[in-house]
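Single-structure report; data block below.
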Amino acid sequence: NTLDEDEDEDELDERDIAIPNVNASILRKVLEYCTHYKTVEEMTVIESPLKSAKLEELVQPWYAKYCEVEQNILFELLAAANYMDIKPLLDLTCLAVSVLIKGKSAAEIREIFNVRDEICSNEKSQIEEENEWCDKKSP
């Protein structure tokens, strides 16, 4: 390398890179994931159907612990992984969300995703009646 080339490299290192839709704290978490994935251990492939409802039984301990964050941060990590096209992180965060909602009622899931219940009680009764087979537990 010539001196000029070294200066050009230094300039590149100091530039800001704009990644819209991803804030700095989430980007740091994404980089933490990517660094671990590339330098320590790749995450095991998540097999379907899931053999457990516990994250720590589906992925290595570091990855399970990585997902032990506040719900809003988990959702932001998922969105960042999707936006930045980081498939292993997207798979992990989707898995963490699926574990989060497993076994929850429709009302609990609406609350988790901040979705309003806009169905009036008459419509709700009709839907429940038409779909009561869904609530029956299999033997």
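The values are calculated or read from the model by the stated rules, or taken from the named source; none is laboratory data. Owing to the predicted nature of the structure, the values given are computational and were not obtained by experimental measurement. Heads up, the Cβs are rebuilt from the backbone with ideal geometry, glycines too, and the neighbour counts pull from every protein chain shown. In case anyone asks, the SASA skips ligands and DNA or RNA and just uses the protein heavy atoms, side chains included. Shrake-Rupley method; radii C 1.70, N 1.55, O 1.52, S 1.80 Å.
What helices does the chain hold that run 20 Å or longer along their axis, going by alpha-carbon atoms, with a Kyte-Doolittle average of -1.0 or more, using DSSP H for the helix calls?
Numbers: long enough: 24-39 (22 Å, -0.20); 87-101 (21 Å, 1.71).
Flagged H segments are 24-39, 87-101.
Order of 114-123, 76-85 by packing, highest average Cβ count within 10 Å first?
So the peptides 114-123, 76-85, ranked by packing, come out 76-85, 114-123.
How big is the gap, in Å, between the Cα center of the stretch 101-119 and the Cα center of the stretch 11-65?
27
Which value in nm describes the separation of the simple spin-label points at Ala106 and Lys124, placed 7 Å from the Cα toward the beta carbon?
0.9
So, with a 1.4 angstrom probe, what is the percent of accessible area on the chain that is carbon and sulfur?
On the way: 5470 of 10710 Å².
Carbon with sulfur: 51 percent of the solvent-accessible area.
Report the extension gain between Cys94 and Gln60 in nm, rounded to one decimal, defined as 0.36 nm multiplied by the number of residues separating them, less their alpha carbon distance.
Additional length available on full extension: 10.7 nm.
Using 0.36 nm per residue of separation minus the Cα-Cα distance, give me the extension gain between Leu27 and Thr39 in nm, one decimal. If you can, show how the numbers build up before the last one.
On the way: separation 12, 0.36 × 12 = 4.32 nm, distance 1.78 nm.
Contour length minus Cα-Cα distance gives 2.5 nm.
Compute the accessible area per residue over the stretch 57-139, keeping the other protein chains in place, probe 1.4 Å, unit Å². Could the numbers behind the result be given before it?
Numbers: 6010 Å² over 83 residues.
That works out to 72 Å² per residue.
For the ranges 21-30, 48-57, what's the packing order if you count other beta-carbon atoms within 10 Å of each residue, average per peptide, and put the highest first? Can you show the working numbers first?
Numbers: 21-30: 13.7, 48-57: 11.2.
Ranking, from highest mean packing down: 21-30, 48-57.
Taking the chain as a Gaussian network, where each spring joins two C-alpha atoms under 10 Å apart, which residue of Lys65, Lys104, Lys124 fluctuates the most?
Highest fluctuation among the options: Lys124.
Towards the positive end of the charge dipole of the chain, with charges on Cβ (+1 Lys, Arg; -1 Asp, Glu), say which of Gln126, Met43, Ser105 has the farthest Cα.
Gln126
To the nearest 20 debye, what is the magnitude of the charge dipole of the chain about its Cα centre, counting +1 on the Cβ of each Lys and Arg and -1 on the Cβ of each Asp and Glu? Intermediate values should be presented prior to the final figure.
Numbers: 15 positive and 32 negative charges, 268 e Å.
The calculated dipole for the chain is roughly 1280 debye.
Go ahead and run the numbers for FRET between Arg116 and Ile19, Cβ-Cβ distance against an R0 of 30 Å, rounding to 0.05.
Values: r = 31 Å, r/R0 = 1.02.
Efficiency for this residue pair is about 0.45.
Given (i) 28, 15, 13; (ii) 42, 20, 10; (iii) 28, 21, 17 as candidate values of semi-axes √(5λ) of the Cα gyration tensor in Å, which corresponds to the one derived from the coordinates?
Only one option fits the structure, namely (ii).
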